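Some notes on the structure that comes next.
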């Protein structure tokens with residue numbers, strides 16, 4: 001996707017992951033250690049995380065299309081590398097959130113099934129309710145910590161890539177001003193270094 005309404009798509013698409021990935025992290029914080037909130041918000045947070053990851057993929061793809069039409073600078077190269085990391089982290093965070101929500105939902109259903117089978121004294125029940133509760137007691141918090149760690153990394157990657165993109169854009173605009181800008185830059189450099197010409 002190169003353009004949206006005649007404008008370069010990349011600067012527009014980057015807003016999807018920049019907004020949704022931190023929002024998904026906030027949702028992940030809410031559902032991480034509360035079964036009640038997980039039951040109410042879990043799948044909503046998962047959808048937001050998936051949309052954020054998809055947005056990161058679209059933004060990075062649009063950025064790759066745009067890079068052929070802009071001046072290549074060191075700052076832009078840094079932005080491209082950080083954009084790749086942001087895309088990877090956005091997708092990884094989406095996968096981890098979906099796995100957390102789906103896994104916890106499955107464990108809850110399994111525990112309910114085991115409890116029901118134990119109540120009916122079914123000899124084919126795979127485990128006792130106490131052993132299922134033990135699984136839930138350590139596995140869900142461990143997965144929650146992993147999800148929050150990946151979410152924090154993904155959010156940082158989005159902010160870092162966004163900052164480097166803004167810097168690359170600003171540097172490109174500042175460097176395209178022609179000779180007057182070059183003259184002003186030389187003057188600033190001379191003043192900074194103490195070589196100001198008083199003539």
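The values are calculated or read from the model by the stated rules, or taken from the named source; none is laboratory data. Note that the structure is predicted; figures quoted are calculated from it, not measured. Glycine gets a Cβ as well: all are built from the backbone with ideal geometry, and neighbour counts include every protein chain shown.
Checking the structure you have, find out if any residue of segment 52-63 is within 29 Å of residue 138 (Cα to Cα) and out of contact with any strand residue (DSSP E or B) (no Cβ under 6 Å at 6 or more places or on another chain).
The initial filter retains those residues of segment 52-63 that are within 29 Å of residue 138 (Cα to Cα), namely 52-53.
Still in the running and out of contact with any strand residue (DSSP E or B) (no Cβ under 6 Å at 6 or more places or on another chain): 52-53.
Yes, some residue in segment 52-63 is within 29 Å of residue 138 (Cα to Cα) and out of contact with any strand residue (DSSP E or B) (no Cβ under 6 Å at 6 or more places or on another chain).
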Can you confirm whether segment 147-155 contains a residue that is part of a helix (DSSP H, G or I), within 15 Å of residue 31 (Cβ to Cβ) and modelled with pLDDT under 80?
no
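Is it the case that some residue within segment 95-111 is over 19 Å from residue 34 (Cα atoms) and modelled with pLDDT of 95 or more?
First pass over segment 95-111, keeping only residues over 19 Å from residue 34 (Cα atoms): 95.
From what is left, the residues that are modelled with pLDDT of 95 or more are 95.
Within segment 95-111 (the criterion being over 19 Å from residue 34 (Cα atoms) and modelled with pLDDT of 95 or more), the answer is yes, since at least one residue qualifies.
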Quick one: which residue in 57, 45 is modelled with pLDDT of 95 or more, on the phi < 0 side of the Ramachandran plot and touching a helix residue (DSSP H, G or I) at 6+ places or on another chain (Cβ under 8 Å)?
45
Within the bounds of segment 72-84, is there any residue that is within 22 Å of residue 158 (Cα to Cα), modelled with pLDDT of 95 or more and either out of contact with any strand residue (DSSP E or B) (no Cβ under 6 Å at 6 or more places or on another chain) or not in a helix (DSSP H, G or I) (or both)?
no
